[in-house]
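First up is the structure itself, then whatever we jot down about it.
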Amino acid sequence: MPVLVLPILLSLACAPLAYFAGRWRPGAAAWVGAACAVAALAALCWELTLGPARLVLPWAPTWGLSLEFTRDGLSGLYAAMALSVGALVVLYSRAYMPHHLAEEGRPARDEVRFQVLMLSFMAAMVLLVTVDDLLLLFIALDLTTIVSYLLIGFDRDDPESRAAALLSLVLTGATSVVFFAGAMALGLQYGTFSLPLVFERAATQPASTGALVCLAVGALGKSAQVPFHFWLPRAMAAPTPVSSYLHSAAMVAAGVFLLQRLYPLFEPAVAVRDGLLAIGFLSMTVGSLMALVADPFKRVLAYSTIAQYGYALVLVALGSEGAPLYVAAHAPCKAALFLTVGAITQVTGKKKLSEVSGLRHSLPVLAGASAVGAAGLAALPLTVGFFKDEVFFHALVEKGPLFMAAGLVGAGLTLAYTLRLWWGLFGGPRQDVPAAPRLLVAPVVVLAASVLVGGLLPGLLVAPSRAAAAASMVHGGASSLELAYHLDARAENLLALGAWALGAALFATRLTWTPMLTRVLEGTSKVGPAHGYRVLLHQLDRLSTWLHEKEVRDLRDRVASVLVPTGLLGMTVLWVTPLRDRFIAGSVGWADVTLVMALAFASAAALATLRARNHLVLVMLISCVGFSLAMVFAFAAAPDVALTSVLVETTFTLLFAGLLALLPDRRLERAQKEAQQPRGRDRISAGIAGASAFLLSWSALSHLQADRVGTQTVKLAEAAHSPNVVAAVLTDFRGLDTVGEMSVVLAALLGVTSLLKLKGKG
Amino acid sequence: MRSFVPPLSRMLLWPSLIIALSFWLKGGGEVGGGFPAGALAGLAVLLQYVVTGREQTRRYVVVRYAAPLAGVGLLLVVGTAFLPVLAGYTPVSLFPRPGQPGMGAGAFHLHTALIFEGGLMLIVFGLVVTVIDRFALSTANQGDEGP
Amino acid sequence: MNLIASLVVGLLFACGVRMVLERELVRVACGTVLITNSSVLLILAGSFAERGEAVNVPQGYPVTDPVLQSLALTAIVIGFAVSALLLTLVHRTQRAHGSLRTDRLVEAEMKRVHDTEKEGP
């Protein structure tokens, strides 16, 4: 049983270990972290051979909450992806970050911070894919969001980087809150947050559409799908290792992963899946078209990511068994390309396609390795990418010709922009640049090798993808996914050939259509969601300024604007409830005379405060109210309350008098004079508030329960060894409340001490 | 002529504090408890401030360390409330438990509630004394820089 | 008795609101104290109808509801703590702004806002 947590513990240990290694020597952080990640990967692989398992650790059993982890094909595939790409990217950053930090003018020690953040992100990702509980899913999702904010905004001196980080935080954070709403709705519907139980109950009672839409929104925001896609290109302001990790194998994969994990819920909801299908195709189109014209390399890749996750979304929406395979095959290709452009930026200092060309002569190894990655992304045979498109076409063939056509165009566009990117970097007239450091190239080569191995030996992929599919897409059944090359005229092969032809044609004629497409896309970006976000932000800013001005213009109006509506609301509530006719005046006997007299005294003193001419009189009248009330408490046979009240009131009166001594006389007089000009509407506000308080308390006093807790406490107090029932209630029965209110008192004390510091100025 | 008020007030301090302590100790059985005890003790100190001034009053250790005392009080309260959790009881379990034989005589009961109430007393006392002290300090400062 | 008690609660509350709406900080503080008092009274008013002896109750004799008593007790203590904080705040404000009037504070605040806006982008 405890074996299951070994990979999780190892991945959680990466970041702290790297931190301590970095304390010793900054360069060691990356190596230690990567070694730890590889160890976690090894533990994971070994465990996956043991078959699926679950681990349940009780957390708050009374609330039915427990920490639940799972080990199945899906979590295994995604965790392996996160760990392997993570280890490579960390090593790559060892070579990349010192240069980057030097360019930013930051100390080299910051590299440790960067590596720790990357490894924390990896841990959060592993956690996300291994938990088996809706609430934990949400928590892990938010962890990834927070760490990604820190990573994207790593260049904190760069305003663009900060804005991009904020944008991604706002979008993915807001959508994950929507996800939380969906998770809560499901939890309430099924009475549990444990996923296996939820799935079991969903089989007989389908989940509500609203909850599913909420879950889907959370996933779409994470996966940067239309209409939430615009955070991803902005997030390219981050250092390249961040982009290559977060935006190939980790963060954006999380959204699609969520959909796959929760697929059993979506399976019966055909309408929701149709919506996802439409969004998937839309993201494909938007992403591919933008990738065709974008100039900075990283933006091309970002738009390509949007498009590629659109494919994955389509596969999920169609319920295809190939969805996990698609994501897994895409990750190494995309990561390889990201790392390539990062290396090129470091070597040349350029960031745009229009500024570089012909690098194949200076960087031959990088060119070869990235060609493999690009081929994988474009789904050419002999790479693992071929199979991602094969499962894609396979799913579309079953849907009919229209879908096949859409898939063909999408795949053709993919080939076109991939060619454009690779050719733009490495083809064309020769440019001579210094050679790239080996550590920058090695991870790309490893990734390219994995892409090739997957393409040459597809048999290796069958078992993990089947396991992943069995864990999500075909729940409970066995997957029949087949991966092999077929040299015949089946529809999938024909579609692939058509896509390559289309892509090649588009690439060959690129000079003719690029300017037009650029203009069209620029035009649409003015009305797109990104524009909407900007406008929204601006308007919110203005609204907050306006509210602030309104609020502080006159403090009295602010107070009145709270009290009057509350009072009116209270009276309305009383009016519409059936309790409105049942006011009980209560009887007044001879025994009550003292009480009434004390109350009358308090009221008279309170009324007199309004007319007080001078502050000392005012304070005396206030304390008079307090003492009269203490008298009331005494007559009401509440000696504890009365005693405390008298003592507190005395102290308070003396303090107040002390305050008056502190305030300058002149100001007091002037303030006094000005206070004598009351406004009519203040009287009305006070009247409404008072009337509402009167009616509400009368109603409350008229509906006291006959059988109250009080009588019970009297009986229990004897058992609690406390004849004074009030003390028993305070210390024992409601002890937790007392602890809470003591912290309030202590907070007030701290407030007083910090406001009047011993050695403050003057 | 020397006023008889300062000596009298100094004489009143200790009886007041003893009464406050008795409020605390017999709170479980009769009228009293931590709140009034703390307020009364605070009031006794307040009287000293009013009559003899800040410098004289701060000679008492209790007064100088009033704010840390409140912190100790919070520790006592939280400790009584949550230490039983470590032993597997629910929060705010007091000892002796219901059903176990109690100890004590008259209004005085030996009970962990007593520690709890003691914490309340220290907190309230600390609050009162600190506020007074800060006000007195401000008065003194203002006197210095006054016209 | 209910009627009388709730009338007094309403009256104290109205007076408190009336004072909170004043333009001067000492009175605002007094107003909150009145509002606190009214709520303590409301809490304890629940026990007015069947009050009795609080301590050493003989069997079968009516009892003032101890839960309400303890609630009122805590309300008083918290009310005191908050009022003390409020008084400190009044004192501090006066020292910082040299005024006891809320509208002066508003002016200072608006000035600050405008200054920061001018400094900002």
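Here is a yes/no grid of residues against (1) among the β-branched types (Val, Ile, Thr); (2) more than 30 Å from residue A:233 (Cα to Cα); (3) touching a residue at least 12 places away in the same chain (Cβ under 8 Å); (4) out of contact with any Phe, Trp or Tyr (no Cβ under 7 Å at 6 or more places or on another chain):
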| site | (1), (2), (3), (4) |
| --- | --- |
| A:521 | no, no, yes, yes |
| A:541 | no, no, no, yes |
| A:576 | yes, yes, no, yes |
| A:584 | yes, yes, yes, yes |
Legend entry - Residues of region A:699-756 satisfying the condition of being within 30 Å of residue B:141 (Cβ to Cβ) and charged (D, E, K, R): none
Inset, instruction - Could you please let me know if residue A:632 is buried (at least 21 other Cβ atoms within 10 Å of the Cβ), under 30 Å from residue B:140 (Cβ atoms) and either touching a helix residue (DSSP H, G or I) at 6+ places or on another chain (Cβ under 6 Å) or not assigned by TED's automatic domain parsing to the domain that holds residue A:725 (or both)? - result: no
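Just to be sure before I move on: is residue A:379 in a helix (DSSP H, G or I), within 37 Å of the chain's Cα centre (by Cα) and either aromatic (Phe, Trp, Tyr) or at pLDDT below 90 (or both) in the structure I sent? Spell out the reasoning first.
Numbers: in a helix (DSSP H, G or I): no; within 37 Å of the chain's Cα centre (by Cα): yes; either aromatic (Phe, Trp, Tyr) or at pLDDT below 90 (or both): yes.
Answer is no for this residue.
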Legend entry - Check on residue A:238, modelled with pLDDT under 85, of a type in the set (A, V, I, L, M, F, W, C) and under 27 Å from residue A:344 (Cβ atoms): no
Inset, instruction - Of the conditions (1) β-branched (Val, Ile, Thr); (2) at pLDDT 85 or above; (3) not in a strand (DSSP E or B), residue A:62 clears all except one; give me its number. - result: (2)
Inset, instruction - Evaluate the following for residue B:29: is it surrounded by 23 or more Cβ atoms within 10 Å (Cβ to Cβ), facing chain A (nearest Cβ under 7 Å) and touching a residue at least 60 places away in the same chain (Cβ under 8 Å)? - result: no
Inset, instruction - Inspect all residues belonging to region B:83-97 and state whether any of them is touching a residue at least 12 places away in the same chain (Cβ under 8 Å) and part of a helix (DSSP H, G or I). - result: no
Legend entry - Single unsatisfied condition, residue A:609 versus (1) modelled with pLDDT of 85 or more; (2) more than 19 Å from residue C:73 (Cα to Cα); (3) surrounded by fewer than 23 Cβ atoms within 10 Å (Cβ to Cβ): (3)
Inset, instruction - Mind counting the residues in region A:131-173 that are in a loop (DSSP other than H, G, I, E, B) and under 26 Å from residue A:72 (Cα atoms)? - result: 1
Inset, instruction - Please indicate, with yes or no, whether at least one residue in region A:202-216 is in contact (Cβ under 8 Å) with a residue 60 or more places away in the chain and not in a helix (DSSP H, G or I). - result: yes
Inset, instruction - Check A:353, A:339 and return the single one that is of a type outside the set (D, E, K, R) and touching a Pro at 6+ places or on another chain (Cβ under 7 Å). - result: A:339
Legend entry - Candidate set from region A:553-582 (those that are over 19 Å from residue A:689 (Cβ atoms) and among the β-branched types (Val, Ile, Thr)); member that is modelled with the highest pLDDT: A:576
Inset, instruction - Kindly provide the set of residues from region A:419-447 that are surrounded by fewer than 21 Cβ atoms within 10 Å (Cβ to Cβ) and in a loop (DSSP other than H, G, I, E, B), ordered by number. - result: A:427, A:428, A:429, A:430, A:431, A:432, A:433, A:434, A:435, A:437
Legend entry - Residues within region A:612-629 that are within 10 Å of another protein chain (Cβ to nearest Cβ) and surrounded by fewer than 17 Cβ atoms within 10 Å (Cβ to Cβ), tallied: 0
Inset, instruction - Please state which of the following conditions residue A:364 fails to meet, knowing it meets all the rest: (1) surrounded by 24 or more Cβ atoms within 10 Å (Cβ to Cβ); (2) without any contact (Cβ under 8 Å) to a residue 60 or more places away in the chain. - result: (1)
Legend entry - Segments classed as helices (runs of 4 or more DSSP H), wholly inside region A:221-327, with at least 1 members that are under 27 Å from residue A:149 (Cβ atoms): A:231-234, A:240-246, A:251-261, A:270-293, A:297-318
Inset, instruction - Scan region A:583-603 residue by residue and report those that are surrounded by fewer than 17 Cβ atoms within 10 Å (Cβ to Cβ) and either within 54 Å of the chain's Cα centre (by Cα) or within 10 Å of chain C (Cβ to nearest Cβ) (or both). - result: A:584, A:585, A:587, A:588, A:589, A:591, A:596, A:600
Legend entry - Cross-chain or 6+ apart pairs with Cβ under 8 Å, region A:681-704 first and within 7 Å of another protein chain (Cβ to nearest Cβ), then of a type in the set (Ser, Thr, Tyr): A:689/A:566; A:693/C:38; A:694/C:6; A:697/C:6; A:698/C:6; A:701/C:6
Legend entry - Qualifying position, being under 17 Å from residue A:352 (Cβ atoms) and touching a helix residue (DSSP H, G or I) at 6+ places or on another chain (Cβ under 6 Å), among A:397, A:433: A:433
Legend entry - Residue, surrounded by the most Cβ atoms within 10 Å (Cβ to Cβ), within region A:705-721, restricted to residues that are aliphatic (A, V, I, L, M) and facing chain C (nearest Cβ under 8 Å): A:717
Inset, instruction - Please work out which residue is nearest to the other protein chains (Cβ to nearest Cβ), limiting yourself to region B:32-63 and to residues that are of a type in the set (Phe, Trp, Tyr) and more than 16 Å from residue B:113 (Cα to Cα). - result: B:49
Inset, instruction - Any chance you could count how many residues in region B:1-38 are over 13 Å from the mean Cα position of the chain (by Cα) and not in a helix (DSSP H, G or I)? - result: 10
Legend entry - Residue that is small (Gly, Ala, Ser), in contact (Cβ under 8 Å) with a residue 24 or more places away in the chain and surrounded by 17 or more Cβ atoms within 10 Å (Cβ to Cβ), where the choices are A:480, A:472: A:472
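The values are calculated or read from the model by the stated rules, or taken from the named source; none is laboratory data. These numbers come from a predicted model, not from an experiment. When we count neighbours, we look across all protein chains shown, and the Cβ atoms used for this are built from the backbone with ideal geometry, even at glycine.
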